[in-house]
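The values are calculated or read from the model by the stated rules, or taken from the named source; none is laboratory data. Keep in mind it's a predicted model, so treat the numbers as computed, not measured. Positions of Cβ are generated from backbone atoms using ideal geometry, with glycine treated the same way; all protein chains shown enter the neighbour counts. Ligands, DNA and RNA are excluded from the accessible area calculation, which covers all protein heavy atoms including side chains. Shrake-Rupley method; radii C 1.70, N 1.55, O 1.52, S 1.80 Å.
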Amino acid sequence: MQQLKNRLAFLRLLLVLLFCTAAVYLAWLVDRLNSHCILYGNGSNHGSRITFQCGNRFDICLYTCTAGTARGTIYDRNGVPLVNTKTACIAVVSPTPAAAEALLSHVTDTAAFYEKLAQGMPFTCTVDTADIDCPDVTILQIPQRSTSPQLAQHVIGYTREGSGVAGLESAYDAILRSVDSQWSVTFSVDGTGTPLAGEPKQIRYGANPTAGIMTTLDSRIQRICESAGSGLKKGCIVVMDVESGDILGLASFPGYSADSLGDAVSDPDSPMIQRALYAYPVGSIFKLVTAACAFDQGVGYNFTWDCDGAISVGTQRFRCHELQGHGVQHMADAMRSSCNPYFIALGQALSGSKSLGFGTEIMLTSNMIASGGTLPTLQQLKLPAEQANFSFGQGVLTASPLQIARMTCAIAGDGTLPAVRLVRGVTDDGRTVLREERGIPESGIAPETAAFLRRLMCYTAADEDFQGRPAHVSMGAKTSTAQTGRCDVDGTEYCHGWVTAFFPAEQPKYAVTVLAEDGGYGNQAASPILRQIAGAIMQVE
């Protein structure tokens, strides 16, 4: 009896060991299959996501290669796609000798191709053509999320592993990700993941999504800005619709590529910064604000100053860029010649100033907000030297290029500061906006004051030395050379070159602001870029 009990105990132990061995094998097998569930790529909308699902019998399974997915589309104001504009050819491969022979001369990454081929399981790879005739290869043409170079890269932003990280991709990530469009091929495989011969494959074709968001950008104007500003080492360009405040073009330099973010991060020129949203010293463009204040206080037309090349304020002496002086100056001549002593003297004759949007942030999206810049405090303005600096745009005063463009819209219009807008709203079809996003304009200056400043800017732009006006375009403009207090190794001070303008002069439609960061004189560094932009836009019209 005891011997029988011992045999039964041994049998139970043997069954337990067999069960444990089977469980360990199953765990190993599942782990091996799961080890292939990886996403290849660096955040683009095509790659290989592999999923595994067992069928009714354990030795026959379904193995799905997801070749790519597409996010919602970002459009310009006219329904022109800014992303998903090109397609990539993705091969979904059953690893056979015939497939290897058909693909080898067309794969874009040979090393990765051989590595995946050796694993013996279905995989994806990028090829250079859709014309590959092999039953073990399925070619899917999938929209590319971005191109290189990407139009409006700073505005669009980029994605990582299918999620938005920067720009509109981040701000509207939930909407853009809500679009479900997927390309995949499902195989029947055995327990090791090897495709079963003779079993049909299931192909799922996604659709290029039409739903997404519509911006205010005009892709034609955006291209003009990026082309005209390509020579800028650092800087930005803003083009706005005078009446609505819609941003038609927004370009920052240097640019960057989402394919080489590491290089962009380590670049000392900080190409990933959207410079139109950063605050910079303004310089002589602020003389327009001083002129507006003078007009409202009744001294706009009759104030004169005899510029002898410098003016003393307390113990400090401010020099004119014209060392010999400009002589007797009226307002229009002083604006055209950008005479600092004139505006310092004018500022001393005034009480108070106008904001015209200075000191106010401008929100474009939840993650793109233009700096409000800095304004001198009342305590600072009690200092004679600081008040003198403020009257011609120097000292602690800073503003963003977007603020300057908005101010120019107010001058070119009826004096109202428009609500700046970058996104029109959500769209289902790329043609109709479902919920139009509009802000509320703000009061700026009186219509009569705006008309006065327009005349000053048109007179300034008519100067034969002004380099910003194309021969066939009428405009109003003001340049600026803003000191930074920083010097190069030779002791020469870095200056920001600015120009802001509106055109056509008779019926202003466009406002353009150009900043050449550390670029030098505004008329030399920024005005020629304005000339290219204005000329090209009017040709498009």
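Things to note:
- Dipole magnitude (debye, nearest 20) for region 123-261, charges at Cβ of Lys, Arg, Asp, Glu: 400 debye
- For Glu161, solvent-accessible area (1.4 Å; no DNA, RNA or ligand), Å²: 130 Å²
- Proximal lysines relative to Lys116, as straight alpha-carbon distance under 30 Å, when same-chain residues fewer than 8 apart are discounted: Lys86, Lys201
- Solvent-accessible heavy-atom area per residue, rounded to whole Å², over the chain at 1.4 Å: 46 Å²
- Rh (Kirkwood; distinct C-alpha pairs) - region 407-541, Å: 16.6 Å
- Heavy-atom accessible surface of region 167-314: percent carbon and sulfur, 1.4 Å: 50 percent
- Shape of region 229-318, Cα gyration tensor, a/c cut at 1.5: oblate
- For the chain, the longest principal axis of the Cα atoms and the long axis of helix 2-34 meet at an angle of about 40 degrees.
- Rounded percent of accessible protein surface that carbon and sulfur make up, region 321-452, 1.4 Å probe: 52 percent
- By average C-beta atoms within 10 angstrom, highest first, the peptides 291-303, 206-218: 206-218, 291-303
- Using alpha-carbon coordinates, inclination of helix 287-296 to the longest axis of the chain, degrees: 50 degrees
- Global size of the chain as Cα Rg and Dmax, reported in angstrom: 32.3, 130
- Excluding same-chain neighbours fewer than eight residues apart, the lysines reachable from Lys509 by a Cα-Cα span under 30 Å are Lys233, Lys234, Lys287, Lys354, Lys478.
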